[in-house]
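Peer 1: The following block contains the structure, expressed as structure tokens.
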Amino acid sequence: MPTLSFPHDAQHFGGQPIAQLAAAHGTPFYAYDSQRIIQRIADLRAALPRSIGIHYAIKANPFPPLLRLMAGQVDGVDIASAGELELALQAGIVPGRISFAGPGKRDSELARALAAGVLVNAESEGELLRLAAIAQERGQAARVALRVNPAFELKGSGMRMGGGPRPFGIDEEMIPGLLAGWSRFGRHLEFAGLHIFAGSQNLSGESIAAAQHASYQLALRLAAFAPTPIKTLNLGGGFGIPYFPHESALDLAPISKALSEIAADAAQRLPHAALHLELGRYLVGEAGIYVTRIIDKKVSRGHTYLVTDGGLNHHLAASGNFGQVIRRNYPVAIIHAHDAQKVGAGNTATTECSSVVGPLCTPLDLLADKVDLPRAEPGDLCVIFQSGAYGASASPQGFLSHPAVLEVLL
Ligand SMILES: *Cc1c(COP(=O)(O)O)cnc(C)c1O
């Protein structure tokens with residue numbers, strides 16, 4: 001049974017005492033551990049067939065130094081805006097390794113993608129027509145994959161992105177017609193392949209494997225209508241990480257088996273297709289912490305509040321306001337300012353049920369609710385783990401006009 005990969009040593013991160021990092025950088029801050037990211041990708045590669053590429057979905061964490069690290073680790077990146085395109089190019093990722101998905105791409109973004117020569121994952125017929133017109137006008141060929149909204153869904157996903165009506169992708173029923181009539185897009189749209197993304201934050205290897213088989217079968221059916229052989233097949237991702245005590249790490253074994261079967265079959269039936277996965281949080285989520293300092297401690301009608309210098313303005317996901325249905329606590333630890341060495345996980349004599357809140361004037365600004373934590377005082381640190389994805393860039397940093405959060409790559 002895979003176990004939680006939360007660090008047992010809550011006092012150190014990236015080989016350094018967290019207290020020392022806080023002293024060096026000031027609080028609040030995010031720290032990301034490059035070794036952990038490198039290791040995670042190496043472990044994943046070891047579990048996958050060699051022909052399955054690993055792409056990184058930049059929206060999980062677009063911190064430029066982290067992207068530069070990623071440039072040397074993954075086979076490609078997925079972007080979802082012209083802003084992310086610039087970040088990817090600045091990080092040294094070549095356009096041939098970039099694909100651009102996302103609904104509502106503006107004409108200016110399509111033109112930028114065309115000029116850069118990145119693959120566009122088209123999300124609608126309207127987008128295809130706009131891209132065709134822009135390509136025609138500029139006399140430049142656009143490489144296009146169709147993002148498919150599959151009829152199936154990825155069971156047990158934290159966030160469903162396929163099955164039923166969705167703003168993402170083109171319903172699978174509409175794809176044969178689009179492909180069969182491809183010539184109406186003119187000669188500047190070059191059909192490259194398919195992108196099938198069925199869900200996110202899934203912790204069941206069996207469910208992900210089933211979705212991968214279903215995606216591959218769907219790709220085979222759709223390939224029969226394609227004007228040219230499929231060159232790129234994005235089998236999606238959805239690999240989750242454990243955030244809460246009842247969750248355990250994803251078991252890669254069923255995925256490994258499914259992808260080996262798919263890769264072997266594709267070598268025969270889609271011989272021109274490069275297959276890949278696109279992953280965000282699985283690659284970086286466990287490799288990040290968010291560190292705040294306790295500013296105030298107060299007891300209100302018997303309940304202890306630890307008030308920190310950072311909150312949902314920096315870490316919306318930990319507050320539960322980034323799409324959690326039932327609010328749960330991320331793994332959290334206290335680091336004492338004065339006796340960091342002495343206080344260990346086993347020291348339960350001095351625990352106290354506390355809620356950790358941020359400095360914002362809203363009851364939503366709750367980083368941890370009613371957890372047994374070592375007795376803490378102002379000046380101590382509060383660390384939130386599993387914070388490497390959907391942190392700084394996914395939080396409303398302008399809200400209440402506190403300073404932007406610092407990020408460091410270790
Ligand atoms: C958000 C997103 C991802 C990344 O999701 P994770 O849960 O971080 O792995 C990948 N692909 C697409 C199309 C997405 O929208």
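The values are calculated or read from the model by the stated rules, or taken from the named source; none is laboratory data. Predicted model only: the values in this text are computed from it and were never measured. Quick reminder, even Gly has a Cβ in these numbers, built from the backbone with ideal geometry, and neighbours come from all protein chains shown. Only protein heavy atoms, including side chains, enter the accessible area calculation; ligands, DNA and RNA are left aside. Shrake-Rupley method; radii C 1.70, N 1.55, O 1.52, S 1.80 Å.
Peer 1: Per residue and in cubic angstrom, what volume does the convex hull of the Cα atoms of the stretch 200-302 have?
Peer 2: On the way: hull volume 15.8 nm³, N = 103.
Considering the Cα atoms of the stretch 200-302, their hull volume per residue is 153 Å³.
Peer 1: A follow-up question, please. Mind listing the Cα extents of the stretch 62-279 along all three principal axes, in Å, largest one first?
Peer 2: Answer, in whole Å and largest first: 54, 41, 33 Å.
Peer 1: Work out the FRET efficiency for residue 303 and residue 251 from their Cβ-Cβ distance, taking R0 = 35 Å, and round it to the nearest 0.05. Walk me through the intermediate numbers first.
Peer 2: Details: r = 39 Å, r/R0 = 1.10.
Rounded to the nearest 0.05, the efficiency is 0.35.
Peer 1: Quick check: the angle from helix 107-116's long axis to the longest principal axis of the chain, C-alpha only, nearest 10 degrees?
Peer 2: Once rounded, the angle reads 80 degrees.
Peer 1: If you don't mind, another one. Taking the Cα centre as origin and putting +1 on Lys and Arg beta-carbons and -1 on Asp and Glu beta-carbons, what dipole magnitude results for the stretch 352-396, to the nearest 20 debye? Show your work: numbers first, answer last.
Peer 2: Working: 2 positive and 6 negative charges, 25 e Å.
Using Cβ point charges on Lys, Arg, Asp and Glu, the stretch 352-396 gives about 120 debye.
Peer 1: If amide hydrogens are placed 1.01 Å from N in the peptide plane, which non-local residues have theirs closer than 5 Å to the one on residue 409?
Peer 2: Answer set, sorted by chain and number: 32.
Peer 1: Let me ask another. Output the 0 to 90 degree angle, nearest 10, between the alpha-carbon long axis of helix 253-269 and the longest principal axis computed from the alpha carbons of the chain.
Peer 2: Around 20 degrees separate the two axes.
Peer 1: Hey, what do the phi angles of the stretch 15-28 turn into as Karplus ³J(HN,Hα) couplings, whole Hz, using 6.51/-1.76/1.60 and θ = phi - 60°, x for Gly and Pro?
Peer 2: 3J(HN,Hα) across the stretch 15-28, in whole Hz: x, 10, x, 5, 4, 5, 4, 5, 5, 6, 9, x, 10, x.
Peer 1: What accessible area, in Å² to the nearest ten, does a 1.4 Å probe give for residue 225?
Peer 2: Roughly 100 Å² of residue 225 is accessible to a 1.4 Å probe.
Peer 1: Most fluctuating residue of 195, 25, 315 in a GNM of the chain with Cα springs under 10 Å: which is it?
Peer 2: Residue with maximal mean-square fluctuation among 195, 25, 315: 25.
Peer 1: Further, regarding this structure: Give me the net charge of residue 328's neighbourhood, meaning all other residues with Cβ under 14 Å from the Cβ of residue 328; Lys, Arg count +1, Asp, Glu -1. The partial results should precede the final answer.
Peer 2: On the way: positive: 327, 370; negative: 247, 369.
So the environment of residue 328 carries a net charge of 0.
Peer 1: For the stretch 1-145, with every protein chain kept in place, what is the accessible area per residue (1.4 Å probe, Å²)?
Peer 2: The answer is 42 Å² per residue.
Peer 1: Put +1 on the Cβ of every Lys and Arg and -1 on every Asp and Glu Cβ in the chain; which of 210, 266, 30 then has its Cα farthest towards the positive end of the dipole?
Peer 2: The listed residue farthest towards the positive side: 266.
Peer 1: Here is the link list: 59/257; 105/370; 59/231; 155/231; 105/257; 105/231. Which ones come out longer than 32 Å on Cα distance? The partial results should precede the final answer.
Peer 2: On the way: 59/257 28 Å; 105/370 42 Å; 59/231 25 Å; 155/231 28 Å; 105/257 36 Å; 105/231 23 Å.
In this structure, 105/370; 105/257 exceed 32 Å between Cα atoms.
Peer 1: So how exposed is residue 59, as accessible area in Å² (1.4 Å probe, rounded to 10)?
Peer 2: Here the residue's solvent-accessible area equals roughly 100 Å².
Peer 1: For helix 125-138, what angle does its Cα long axis make with the longest principal axis of the chain, in degrees from 0 to 90 and rounded to 10?
Peer 2: 70
Peer 1: Quick check: the distance between the Cα centres of the stretch 34-112 and the stretch 166-180, to the nearest angstrom?
Peer 2: Centre-to-centre (Cα) distance: 25 Å.
Peer 1: OK, next. Ordered by residue, what ³J(HN,Hα) values in Hz, to whole numbers, does the stretch 220-236 give under the Karplus form 6.51 cos²θ - 1.76 cosθ + 1.60, where θ = phi - 60° and Gly and Pro are x?
Peer 2: 5, 5, 6, 4, 4, 9, 6, x, 9, x, 5, 9, 9, 10, 9, 8, x
Peer 1: Now a separate question. Along the stretch 309-326, what does the Karplus equation 6.51 cos²θ - 1.76 cosθ + 1.60 (θ = phi - 60°) give for ³J(HN,Hα), rounded to whole Hz, x for Gly and Pro?
Peer 2: So the J values, rounded to whole Hz, are 8, x, x, 5, 4, 9, 9, 4, 4, 5, 7, x, 9, 10, x, 6, 7, 10.
Peer 1: Another question, if that's okay. Taking all protein chains in place and a 1.4 Å probe, what share, in percent, of the accessible surface of the stretch 62-279 do carbon and sulfur account for?
Peer 2: Working: 4650 of 8550 Å².
Result for the stretch 62-279: 54 percent of the exposed heavy-atom area is carbon or sulfur.
Peer 1: Accessible surface of residue 166 in the full protein assembly, 1.4 angstrom probe, to the nearest 10 Å²?
Peer 2: The accessible area of residue 166 comes to roughly 80 Å².
Peer 1: Treat every Asp and Glu Cβ in the chain as -1 and every Lys and Arg Cβ as +1, leave all other atoms uncharged, and give the resulting dipole magnitude about the Cα centre to the nearest 20 debye.
Peer 2: Details: 33 positive and 35 negative charges, 94 e Å.
In debye, rounded to 20, the chain gives about 460.
Peer 1: Using only the C-alpha atoms of the chain, find the volume of their convex hull and express it per residue in Å³. Write down the numbers at each step before the final one.
Peer 2: Details: hull volume 56.0 nm³, N = 410.
In the chain, the Cα convex hull volume per residue is 137 Å³.
Peer 1: Mind giving me the nanometre distance, one decimal, between the label points for residue 295 and residue 43, set 7 Å out from Cα along Cα→Cβ?
Peer 2: Going from the residue 295 label point to the residue 43 one covers 3.7 nm.
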